[in-house]
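S.K.: Quick one: the structure is below, questions incoming.
The values are calculated or read from the model by the stated rules, or taken from the named source; none is laboratory data. Computed from a prediction, not measured in an experiment: that's the story for all the values here. Note that we place each Cβ from the backbone using ideal geometry, even for glycine, and neighbour counts take in every protein chain shown.
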Amino acid sequence: MMLKKLLIANRGEIAVRIIRAAQDLGIATVAVYSDADATALHVQLADEAVNIGPPAAKKSYLNIAAILKAAADTGCDSVHPGYGFLAENAGFSDAVTAAGLVFVGPSGDAIRLMGDKVAARGAAHAAGVPIVPGSIGRVDGIDAARHILIDTGFPVMIKAAAGGGGRGIRIAQDLVEFEQAFPQAQAEALAAFGDGGLYMEKVITKARHIEVQVLADGTDAIHCFERECSLQRRRQKVWEEAPSRALSPQLRDELCSSAVRLALAVNYSGAGTVEYLYDEDADRFYFIEMNTRIQVEHPVTEMITGIDLVAEMLRIAGGEPLRLNQADVTVKGHAIEVRLNAEDPARDFAPFPGTVDSLRIPGGPGVRFDSMLYPGYTVPPFYDSLLAKLIVHAETREAAITRMARALSELQIDGLKTTKPLFQALAADPSVQAGDFHTRWLEGWLEANAARLTPLEP
């Protein structure tokens with residue numbers, strides 16, 4: 001049974017993306033919005049729109065009761081959470097299902113299991129997926145933690161069991177730092193997530209961050225190959241590409257097959273991403289977590305495979321079995337995505353909300369621009385600073401970088417400071433062009449290249 005009317009429990013570019021995919025399938029759409037988003041693009045594009053509260057996210061986009069009421073009042077049969085906000089909230093998935101609606105994503109049980117980083121490590125280990133050396137379960141106090149150090153050595157990473165998005169992490173370089181960091185990490189985890197549970201992992205020096213896109217229907221699963229997301233600032237991805245140039249065909253097959261095994265082991269349904277660290281020196285990969293939602297960077301996978309991942313999510317949620325066999329999924333060319341944020345890279349990426357005075361969107365073959373922008377739109381200061389995603393596709397990685405540089409030169413967003421200068425500089429950098437980087441590379445590059453992040457005066 002195909003879904004008939006979908007409520008999108010989100011905002012910004014991902015809400016626009018989901019609305020378009022649903023309408024392409026003939027599904028009616030309902031947007032929800034806060035007072036601050038009354039003029040937002042997703043509100044304009046949806047078939048209907050419902051105000052769910054004040055600007056503060058906890059009173060609007062995180063207000064489960066208001067979202068469910070909007071769905072009931074408009075006769076929706078389903079809810080798509082997008083990413084962020086309630087997307088990985090097991091209670092929200094449960095509440096949607098309890099209200100007699102279809103949650104476009106995995107079950108609350110799957111979200112709960114993968115959301116607990118320790119439980120996820122255990123599930124991966126049981127499924128035969130390699131995990132980073134460290135604690136299998138939660139660390140029961142600092143005495144037990146000291147014992148684990150025998151296997152991990154230093155540096156070691158102390159992580160919040162309920163953490164995510166790069167939060168709740170501390171790194172100790174020696175025993176003195178460890179003795180200080182462990183109780184601090186417990187307190188920080190409790191304050192941030194309401195759960196002081198910790199686990200430990202060996203720090204993989206100069207690791208690459210590689211993730212595998214999976215699609216599953218609860219009984220069957222396939223992968224859509226990998227994305228590399230090693231260019232990160234403060235553990236937040238800024239530049240993503242697919243496929244990764246670092247993997248051999250054999251290792252790619254092992255990596256992607258392990259992601260499918262995990263999806264099957266947890267009875268996963270929908271689109272999900274299994275994330276890994278890849279130790280290039282040792283030529284080994286290690287599971288770190290599974291994101292139980294559509295990812296910001298999903299377009300690069302769509303560009304190299306030709307698969308509309310959001311549409312497939314909607315089909316699966318509507319009760320259709322997977323339409324694709326693994327043999328149907330092939331890679332063509334190379335794709336790169338950059339995240340354009342309302343931030344000033346010349347001033348340590350300070351937020352820069354404001355009004356879009358004028359907008360020129362790049363075009364041409366292999367160029368995609370996912371955004372919520374239009375001339376005259378005022379970016380509110382209450383939410384994530386992501387404005388748009390610029391995605392390019394070409395036959396080779398080298399050609400994709402050249403195309404990205406061209407598309408960035410065409411892009412014009414007047415009235416706001418954005419991260420465009422960062423990506424122009426990265427596209428011209430020899431190390432980026434050679435694919436010679438790791439998850440900590442960009443931090444050092446930023447320190448050495450601050451002057452290159454000021455846009456040239458016209």
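S.K.: Among all residue pairs at least 6 apart or on different chains, which show Cβ distances below 8 Å where the first residue, located in the stretch 310-337, is assigned by TED's automatic domain parsing to the domain that holds V392 and the second is exposed (fewer than 14 other Cβ atoms within 10 Å of the Cβ) and part of a helix (DSSP H, G or I)?
M.R.: A311/D24
S.K.: Follow-up question, since we're still on this one. Taking the stretch 35-51, which residues are touching a Lys or Arg at 6+ places or on another chain (Cβ under 8 Å) and surrounded by fewer than 23 Cβ atoms within 10 Å (Cβ to Cβ)? Walk me through how you get there before you give the answer.
M.R.: Narrowing the stretch 35-51 to residues touching a Lys or Arg at 6+ places or on another chain (Cβ under 8 Å): 37, 40, 42, 45.
Answer for the stretch 35-51, where residues must be touching a Lys or Arg at 6+ places or on another chain (Cβ under 8 Å) and surrounded by fewer than 23 Cβ atoms within 10 Å (Cβ to Cβ): just L45.
S.K.: Do any strands (runs of 3 or more DSSP E) entirely within the stretch 170-257 hold 2 or more residues that are within 19 Å of S135 (Cα to Cα) and of a type outside the set (S, T, Y), and if so, which? Quick ask: steps written out before the conclusion?
M.R.: Details: elements: 198-202, 208-217, 221-233, 236-242.
In the stretch 170-257, 198-202 are the strands (runs of 3 or more DSSP E) which contain 2 or more residues that are within 19 Å of S135 (Cα to Cα) and of a type outside the set (S, T, Y).
S.K.: Ok, one more. Report those helices (runs of 4 or more DSSP H) wholly inside the stretch 107-168 carrying at least 2 residues which are among the basic types (K, R).
M.R.: Values: elements: 108-115, 117-126, 141-152.
Helices (runs of 4 or more DSSP H) meeting the threshold: 117-126.
Results for (1) touching a Leu at 6+ places or on another chain (Cβ under 9 Å); (2) aliphatic (A, V, I, L, M); (3) not assigned by TED's automatic domain parsing to the domain that holds H42, shown as yes or no for each residue.
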residue: I391; (1), (2), (3): no, yes, yes
residue: T396; (1), (2), (3): no, no, yes
residue: R403; (1), (2), (3): no, no, yes
residue: L426; (1), (2), (3): yes, yes, yes
residue: P430; (1), (2), (3): no, no, yes
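S.K.: Same structure, new question: Select the strands (runs of 3 or more DSSP E) contained entirely in the stretch 287-406, then report the ones holding at least 1 residues which are at pLDDT 95 or above and of a type in the set (F, W, Y).
M.R.: Values: elements: 334-341, 358-360, 367-371, 386-394.
Hits in the stretch 287-406: 367-371.
S.K.: Related question: Return the total of residues in the stretch 161-186 being more than 20 Å from T205 (Cα to Cα) and either touching a Pro at 6+ places or on another chain (Cβ under 6 Å) or buried (at least 18 other Cβ atoms within 10 Å of the Cβ) (or both).
M.R.: 6
S.K.: Shifting gears a bit: Identify, from the list I288, I316, I307, I336, the residue that is within 30 Å of S135 (Cα to Cα) and of a type outside the set (D, E, K, R).
M.R.: Numbers: I316 fails: within 30 Å of S135 (Cα to Cα); I307 fails: within 30 Å of S135 (Cα to Cα); I336 fails: within 30 Å of S135 (Cα to Cα).
Among I288, I316, I307, I336, only I288 is within 30 Å of S135 (Cα to Cα) and of a type outside the set (D, E, K, R).
S.K.: Looking at A450, A388, which is the one that is of a type in the set (A, V, I, L, M) and over 20 Å from the mean Cα position of the chain (by Cα)?
M.R.: The match here is A450.
S.K.: Next question. Can you name the residue in the stretch 304-322 that is out of contact with any strand residue (DSSP E or B) (no Cβ under 7 Å at 6 or more places or on another chain) and over 14 Å from S269 (Cβ atoms) and is also surrounded by the most Cβ atoms within 10 Å (Cβ to Cβ) among such residues?
M.R.: V310
S.K.: Being part of a loop (DSSP other than H, G, I, E, B), within 29 Å of P353 (Cβ to Cβ) and either basic (K, R) or out of contact with any Leu (no Cβ under 6 Å at 6 or more places or on another chain) (or both): is that true of E88 here?
M.R.: Working: part of a loop (DSSP other than H, G, I, E, B): yes; within 29 Å of P353 (Cβ to Cβ): yes; either basic (K, R) or out of contact with any Leu (no Cβ under 6 Å at 6 or more places or on another chain) (or both): yes.
So E88 fits the description; yes.
S.K.: Further, regarding this structure: Filter the stretch 18-60 down to residues that are outside any strand (DSSP E or B), more than 26 Å from G306 (Cβ to Cβ) and in contact (Cβ under 8 Å) with a residue 60 or more places away in the chain and give me whichever is farthest from the chain's Cα centre (by Cα). Even if it seems obvious, please write down each step before you answer.
M.R.: Within the stretch 18-60, the first condition is being outside any strand (DSSP E or B), and the residues that meet it are 18-27, 35-47, 54-60.
Restricting the remaining residues to those that are more than 26 Å from G306 (Cβ to Cβ) gives 35-40, 43-44, 46-47, 54-60.
Now narrow it down to the ones that are in contact (Cβ under 8 Å) with a residue 60 or more places away in the chain: 36-37, 39-40, 55-57.
Details: A36: 24, D37: 22, T39: 26, A40: 22, P55: 23, A56: 22, A57: 19 Å.
Among those residues, the one meeting the criterion is T39.
S.K.: Right, another one. Is one or more of the residues making up the stretch 438-446 in contact (Cβ under 8 Å) with a residue 24 or more places away in the chain, touching a Phe, Trp or Tyr at 6+ places or on another chain (Cβ under 6 Å) and in a loop (DSSP other than H, G, I, E, B)?
M.R.: Of the stretch 438-446, the ones in contact (Cβ under 8 Å) with a residue 24 or more places away in the chain are 438-443, 446.
Applying the additional criterion that residues be touching a Phe, Trp or Tyr at 6+ places or on another chain (Cβ under 6 Å) yields none.
Checked the stretch 438-446: no residue is in contact (Cβ under 8 Å) with a residue 24 or more places away in the chain, touching a Phe, Trp or Tyr at 6+ places or on another chain (Cβ under 6 Å) and in a loop (DSSP other than H, G, I, E, B).
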